[in-house]
1. Can you list which of the GluC sites (Glu not before Pro) found in the range B:141-234 are DSSP loop residues with at most 16 other C-beta atoms within 10 Å?
2. Positive end of the dipole of the protein assembly as shown, charges at C-beta (+1 Lys, Arg; -1 Asp, Glu), about the Cα centre: which of A:VAL76, A:VAL206, B:ASN46 has its Cα farthest in that direction?
3. Where is the GNM fluctuation largest for chain B (alpha-carbon springs, 10 angstrom cutoff): B:ALA171, B:ALA81, B:ALA71?
4. Work out which GluC sites (Glu not before Pro) in chain A are exposed loop sites (DSSP not H, G, I, E or B, at most 15 other Cβ within 10 Å) and give the longest gap free of them.
5. Around B:ARG213, which amide H atoms from residues at least 5 apart in sequence, or from another chain, sit under 5 Å from its own amide H, with H modelled in the peptide plane?
6. Among DSSP bridges having both ends in chain A, what percentage is antiparallel? Round to the nearest 5.
7. Which listed residue (B:CYS270, B:PRO158, B:VAL218) has the Cα farthest towards the positive end of the charge dipole for the protein assembly as shown, taking +1 on Lys and Arg C-beta and -1 on Asp and Glu C-beta about the Cα centre?
8. Please tell me the relative contact order of chain A in percent, rounded to the nearest whole number, where contacts are Cα pairs under 8 Å and at least six residues apart.
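A short reminder: the numbers here are calculations on the coordinates, not readings from a lab. Fair warning: this is a prediction, and the values are worked out from it, not measured in the lab. No Cβ is skipped: glycine too gets one built from the backbone with ideal geometry, and neighbour counts run over all protein chains shown.
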Amino acid sequence: MLTTATHLDDRGQAMTDGTAADPPPELDGPDGAALARELMRRMQRVRLFEEATIALFHAGELPAMVHLSIGQEAAVVGACLATRTSDYMTGNHRSHGHPIAKGARLDALMAELLGKATGVCGGKGGSMHLADFSVGSLGESGIVGSAIPVATGAGLAAQVRGTGQVALCFFGDGAASEGVLHESMNMAGLWDLPVVYFCENNGFAVSVTTEESLSVPDVAMRAAGYGMPGVTVDGQDVLAVYCATREAVERARRGEGPSLVEAKTYRFHEHAYGLVLPRPYRDQAVVDSWFDTVDPITLFHDRLLAERVLTAGELQALRDEVGAEVEAAVEFARRSPYPPPEAAWTDVYAPGHDPQEVSA
Amino acid sequence: MSAPAARRKPARAQQLGFLQAINRAQHEEMTRDGSVVLMGQDLRANVFGAAAGALEAFGPSRVRDLPLAEAGSIGVAAGAAMAGLRPIVDLTVASFVFGAMDQFVSQLAKARYMFGGQATLPVVVRAALYYQGGTAGHHADRPYPMFMNVPGLKIIVPSTAPDLLGLLKSAIRDDNPVLCFEDANLWGRKGRGPAMPEDVEHLVPLGSAAVRRPGSDVTIVGIGLGSWLAQQAAEELAADGVDAEVIDPRTLVPMDWPTILASVRRTGRCVVVDPANRTCSAASEIAARVVEDCFDALRGPVVRVTTDDTHVPFSPALEKQIYPTQAKVVAAVRRALA
């Protein structure tokens with residue numbers, strides 16, 4: 001049985017077990033292969049979508065900066081696949097991976113990044129405020145920590161309405177210091193709300209390390225203060241993340257209340273892509289080495305081969321499918337029109353409630 | 001200070017105060033719509049008097065005492081609304097909004113827009129304007145103008161119990177976030193305003209001003225308690241042969257500009273009475289709009305009567321002088337007529 005909750009003492013060490021001959025129960029049999037394929041497909045979607053974003057950045061086609069999840073795909077995908085499409089999810093400024101992993105369409109997401117009318121938010125939100133309510137994605141938040149109460153409220157609505165839905169709340173190690181995290185986790189613990197607080201701890205809030213900003217070594221330790229379980233998992237191990245989150249989601253769905261899952265992970269790129277900080281705050285040689293040592297996609301790829309869950313051909317075919325999907329998304333985004341000028345004034349209020357109409 | 005309604009004294013049995021109006025609006029709408037939930041501080045004990053019987057009627061799932069977490073409360077309400085509920089949040093004292101400012105602005109006001117219309121946020125936030133009673137610096141703010149500067153929010157400032165009933169019911173049914181600021185000088189008192197209508201469909205539409213007194217010489221726009229001060233001033237001025245029209249906007253966003261502007265075009269003079277601090281007050285916005293749109297009709301300066309740009313002092317010897325008064329309104333009208 002795979003260990004789903006592991007405290008990591010050494011951030012540089014990947015805690016995966018790629019040498020076992022037998023796949024763990026989760027990956028065994030046809031259902032296991034299907035799960036493995038979906039975990040890999042969504043991680044590849046995040047990776048290739050963001051690599052395409054980098055290309056668009058260098059081509060001067062992106063209207064604004066982006067915060068990439070490259071290196072954090074296992075955390076994002078493992079957590080989202082542990083939920084249902086009908087479950088709710090909120091995210092943050094590192095914003096592409098969450099809706100992709102939750103199942104949003106890549107073309108509408110890419111069109112949003114380019115500010116097009118066909119974007120998932122009609123070009124009103126952009127990279128940092130992606131949302132796709134059709135898959136439960138209630139929005140990314142450009143303000144760090146600001147969506148944490150929103151996910152908590154979605155959990156409250158699920159509880160009051162008795163829908164059985166769960167809310168998954170992504171936040172980073174930086175947001176772990178925000179006051180609304182405390183307020184929200186207290187309310188969720190108090191009312192046994194079906195919320196899974198999921199911390200992507202990538203070690204840095206822009207340039208400030210967790211050692212410099214957190215009063216405890218693990219964010220998960222804070223769970224005790226709110227009467228909920230907290231676990232820390234290897235965020236580069238997609239299956240470990242999936243199993244830990246699934247346990248928390250099932251607990252929430254049973255009405256037993258919230259949990260905190262912390263995935264220790266790595267941000268391979270700068271806080272925002274292309275951002276140049278005047279003074280270095282981390283060793284670039286070490287960061288560069290992460291692509292070889294702790295790349296979650298490579299780690300899972302090698303493991304699936306070693307445990308004979310999928311073949312090299314199957315894995316390559318899957319990557320090619322996703323590559324074509326991303327390419328089509330970029331083309332769709334490029335071909336799409338910009339929104340008409342009048343769109344700047346719509347959606348401020350619900351239809352039929354525009355104060356501008358009153359002022360005529 | 002005495003209000004004209006107090007002097008008129010209609011049948012007492014029908015006189016309901018603000019608190020009864022709030023209770024009735026909440027009770028009727030929670031009965032009508034199972035998705036309406038009530039969250040606030042000290043609701044179970046009904047400390048503020050606006051939640052009588054709610055817990056007994058609707059149960060602990062729909063009536064929740066909030067922990068002291070203003071930001072979390074507003075954000076939770078926003079998220080709950082995005083997931084199908086229609087929350088009413090009783091923030092109690094309006095000065096407590098500041099702790100929740102990011103959630104008001106970044107989530108409640110912006111979510112619909114940023115997500116291209118996917119989000120619907122039917123949230124009502126109630127807060128009392130607790131000034132003029134020795135509450136001093138941390139409880140006496142009148143912060144509604146700050147929120148007028150945030151697109152996406154609607155704002156109501158009722159000045160009579162029937163209006164509060166009808167506006168609050170409309171607010172609860174509205175698909176947008178609505179902030180309800182209740183002037184506590186009118187809150188717990190009976191004998192303010194006309195008799196309460198019995199109709200459970202008594203709705204006052206948002207964005208509709210009330211003409212409290214028709215007149216032809218000057219338009220006085222009064223907000224909250226300011227509308228009462230305006231009416232008292234108008235009575236005093238009538239004795240001198242000045243015929244003032246008094247307009248209570250009732251809703252600040254959306255503002256009923258057609259009613260206000262048409263009145264000023266007719267009278268050619270305008271005074272705005274607003275209990276908020278002077279700079280960038282609701283009065284400032286009304287004055288600016290009047291000057292922009294009615295410049296040719298104006299025959300005198302547009303004058304604001306507001307609270308001075310200072311903090312609220314504790315000492316009774318200091319506090320009352322900073323707010324609008326009947327005398328200040330009369331003086332402002334005379335300046336506008338000069």
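1. Taking the range B:141-234 and a limit of 16 other Cβ atoms within 10 Å, the loop GluC sites (Glu not before Pro) found are B:GLU198, B:GLU201.
2. B:ASN46
3. It is B:ALA71.
4. Maximal segment without exposed cleavage sites: A:62-255.
5. B:VAL246
6. 10
7. Final value for the positive-end residue is B:VAL218.
8. 25
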